[in-house]
Structure formats: structure tokens, C-alpha cells
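The values are calculated or read from the model by the stated rules, or taken from the named source; none is laboratory data. This one's a predicted model, so the numbers in the text were calculated from it and none came from an experiment. Every residue, glycine as well, gets a Cβ built from its backbone with ideal geometry; the counts of neighbours run over all protein chains shown. Keep in mind that these areas ignore ligands, DNA and RNA; they rest on the heavy atoms of the full protein, side chains included. Shrake-Rupley method; radii C 1.70, N 1.55, O 1.52, S 1.80 Å.
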Amino acid sequence: MTPGNNGASTPEDDDPFGYLYADGQANGAQPPSGGYGYPNSVNRVRPVGARQYGAPQGQTAATAAYGQAAPPQQGAYGQPNAHYAAPETIPGGGAPTAPQQPARGAGGGGRRGPNTKGLLIGAVAVVAAVVIGIAVAMTSSGADDDKSGDEAGGNTAPTQSESTDPTPSASNSADDEVKLPSAQSGQLQLSPGVATASDVEGAESDGGAYVTGLNQPGASVTWTVDGIPEDGAYTLFARYSAAGEDQSMTLTVNGKPFGSKMNLSNFAHAADGDFAKGWTKTFAWPTLNKGTNTISLSCADGDKCNVLLDQFSLKKGNVKD
């Protein structure tokens, strides 16, 4: 085949686009009568959107392209739509209401509030614990106060007939203002066989004198006291020395035995016979009359009288020092 001979077919049959070329036009090629240069095509003018591809009758290409069903058309603006009805027009329908919020803390959702009940119980428990602690503390304090009161003298005060260890204790300041008589060994009336001496050191009477010879039955010393300001309770102090075994003698006030015995114990814990180390003091609480009174210390039956007597003194009231 030569350029001048393209075969049996004509150029227009061999190349549908031959009419576009100069040689095709020279050979009489004509544009095809169909649309878009393809044989047998029909070139029809249609309005935009009129072409249909299998859409149901009554639908346009714009509403049913490529065989898909188009959504229902809405009516004109302001006109009711046949596919829509307001809820109130439906039986049983009504105006929409705002969604209800679940009750807070009532179960069924929602954020729960603080556990106020638990907090209240905890607070009550704390208050109860504090109240119980205060009550226990007050009870203990009251018991301690009662105990200390008993120890301070509720059950330990000596009776009128009792003498005690002369350990210093609180005295009545009002009694100190009243100057009462005292008697040294040389001012006492001595029974037969009783004398004064100064061989043992430690006596506070003038010249270091003391009464000796009381350790025999019937021996006694008597003090006649003048100038008692009024009737009442007084404290009689006796300074003496005891060594070894504890001693006790009979106290007589205005001719009557006062109590059981006057305690003359070896409070200084002096060894037997060491009277220089045994000086100490004891007391009794007699009741005296206003004016003149007679006080005697004697060695009666059953007494232990091996003591050296230094002096007597008085204070108003029941005191221990």
C-alpha cells in the first residue's frame, strides 16, 4: 500500500477523523453525520438536566442520575410539605419538651453530691470522744483531789492523846502572833528522885541543863502555866532525848490524864545509850482553860520513861510545828 492507495476502503471509512487532515480532505473525507464523530450517533439538542439514565418517568437527570432514586421534593417556600407533619398533628403527639435531668444523688445517673451523712456521723463521733475524754479527766482529777485531801490530814490528824514524829509541817500563822509561855528544865517542878543535869550535850535550856531520873515509877515533872489567853485547843511541845527503844509516858492536864500516853519515840534513831544523838521533839493537843493550867508528865505503871527532858512550849490551836 502506497500513500496514494490506502486500500479498498475510502479514507472516511478508514479514519473517521480523516476530514481533519489535508490529505483526507483531498480524498473527499466528510465529517460524520453522527454526534461526536462516531458513526450512527444521534446528536440531539436537549435542555440541561433533561438527559435521563434509567430514572423513573417524571424524574429528571438532576434528580435521578445514574439510576439512583432522588429524595422527595420539598414544596415551595412557605407551603406545607406532603412528607412532613408537625408532632402535634400526629395522634398522641405533643409539643416537644426539654429533656429531663436525672435527680442528683437519687440513683439513675448524674453526678452524686458529697456524702453529708458520713461527714455528720464522723463529726458526732469526734465530739463524743472529746466529751468522754473530758469526763474521764474530770473524774480522775476529782479522785486525785479526794485522795490528796485524805493524805493532807483528813484521817491522819492526831487525837488529843496522840503524839507524832516531830517532822516539820505547816503551822497556823495566826497562832504565831500569840506569844504563849514556855518552860525550860530549870523552871519545872520535879518529884523526889528527879534532878537536872548537863552531862549530855544537846539540851537547849539555859546552861545545857535537862531533867534526868524520870525512868522510875512515880517520877514526874510538873509545869504550872500562867497567862493562857482563852479557853480552847492548844498544842503542847516537849523536847527530849531518847536512845534505843521507843518510850511513852502519862500526860496529865489540870489533874486529869489526857489521852492514853504521850509518844516519846526514838525519832532520831539514836543508838542505845547515845542520848547526845537522840534529841528530838513530840507534841500533844490538850484543851486548856483561860488563865492558869497545870501540865504534868509522869512515869506510871506500864510506861517506858528512859528519856531526858529538855523543855516545854505551847502554841494556840492544833498544829504540828
task: Show the residues, 5+ positions off or on another chain, whose built amide H is closer than 5 Å to the amide H of Leu308.
output: Ser241
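Counting other C-beta atoms within 10 Å, and keeping those with at most 13, which DSSP coil trypsin sites (Lys or Arg not before Pro) do you find in segment 178-272?
Lys179
At 1.4 Å probe radius, can you tell me the per residue accessible area of segment 219-321 in Å²?
Details: 4040 Å² over 103 residues.
Computed with neighbouring chains in place, this is 39 Å² per residue.
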- prompt: Where a Cα-Cα gap under 25 Å defines reach, which lysines qualify for Lys316, not counting those fewer than 8 residues away within the same chain?
  reply: Lys179, Lys256, Lys261, Lys281, Lys290
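Counting only protein heavy atoms and using a 1.4 Å probe, what share of the accessible area of segment 237-295 belongs to carbon plus sulfur, as a whole percent? Show your work: numbers first, answer last.
On the way: 1190 of 2450 Å².
Here carbon and sulfur together make up 48 percent of the probe-accessible area.
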message: For the full complex of protein chains and a 1.4 angstrom probe, list Glu230, Glu204 by accessible area with the highest value first.
response: Glu204, Glu230
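Ranked from highest to lowest mean number of other Cβ atoms within 10 Å per residue, what is the order of the peptides 276-283, 314-321, 289-296? Intermediate results must be reported in sequence, preceding the final value.
Working: 276-283: 20.4, 314-321: 18.6, 289-296: 15.9.
Top of the packing list down: 276-283, 314-321, 289-296.
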- prompt: Once the other residues with Cβ under 11 Å from the Cβ of Val200 are scored (Lys, Arg +1; Asp, Glu -1), what is the net sum?
  reply: -3
task: Lys and Arg at +1, Asp and Glu at -1: add these up for the other residues within a Cβ distance under 13 Å of Cys305 and post the number.
output: -2
- request: Give the Rg (one decimal place) followed by the Dmax (whole number) of segment 196-274, computed from C-alpha coordinates and expressed in Å.
  value: 14.5, 42
